[in-house]
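The values are calculated or read from the model by the stated rules, or taken from the named source; none is laboratory data. Every value quoted in this text rests on a predicted model; they were computed, and no experiment measured them. No Cβ is skipped: glycine too gets one built from the backbone with ideal geometry, and neighbour counts run over all protein chains shown.
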Amino acid sequence: MKTVLVIEDQDTSERIIRHLAPLGFDFIHYLNPVKALDNIDEIDPDLVIFSAEDFPRHWKPFIRLLRGKQDREESVFILLTGENFSSEEASKASVLEVNGMVDSQLQDAAIQHLQDIFARYNFLSEPRSDKRYPGTWTEDLDFAFTHPRTYALITGAITDISLGGLNFKPDMPQATADIMEGEEIEGCSLSITNKIFQVDIKVIRNSRQIAIQFIEIDSSGHTALMEYLNETRYRQTG
């Protein structure tokens, strides 16, 4: 997924890249919006994430040029906004066919909003249509499995999770490099608040992280995960 970032703030751009790179996004990052504007024909992006906080005078000419070449279904334009972004500017964004506006602080709710936008435009390649929750929500969750051929125990960190699957960063990537996309692994362990449930999985993608789809999880495990995510969402937004 060819993605253009027009963002000056380094922390913001690094957070976006850290979250989206495991999902298959490729990035071209511009610190100069004029340079990005000049190169838009050559790049032909699938997705643009543009910081109105960093460049409040440049996002409107950029989206006008983009929409003159690609409609909102062909190229998604997401605007990063902040407390100084007025309702009048938001109205202009809607008229100019901005696909979505996301808080530039990129807290958990904003990351979830990003994922909702991606799901709406079919940007998430794995067949997980349910909502994904970021790694900051997974402090009481653990996942591990046994390599199907070497029988080594594979441990690591969950980077996002949904009721249908998760993204997993192995502690030792070299130990999982030979696991093929489409491979099914039985008897994996998902720990939810120190209670372990058995799940069978399918590997959707294996790159820097492993994208995993749950094939089978018993009803008690599904209920426990749903309750955990609902309770965590309540704590985050309450």
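Structure data summary
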{"read-out": "When residues of the stretch 35-46 are limited to those that are free of Cβ contacts under 8 Å to residues at least 40 places away in the same chain and within 13 Å of L66 (Cα to Cα), the one surrounded by the fewest Cβ atoms within 10 Å (Cβ to Cβ)", "value": "E42"}
{"read-out": "Members of the stretch 1-34 that are surrounded by 21 or more Cβ atoms within 10 Å (Cβ to Cβ), hydrophobic (A, V, I, L, M, F, W, C) and touching an Asp or Glu at 6+ places or on another chain (Cβ under 7 Å)", "value": "I7"}
{"read-out": "In the stretch 209-238, residue modelled with the highest pLDDT [restricted to those that are touching a helix residue (DSSP H, G or I) at 6+ places or on another chain (Cβ under 9 Å) and among the polar types (S, T, N, Q)]", "value": "Q209"}
{"read-out": "Cross-chain or 6+ apart pairs with Cβ under 7 Å, the stretch 186-214 first and in the same structural domain as A21 (by TED's automatic domain parsing), then modelled with pLDDT under 95", "value": "none"}
{"read-out": "Some residue of the stretch 8-19 being more than 17 Å from the chain's Cα centre (by Cα) and assigned to a strand (DSSP E or B)", "value": "no"}
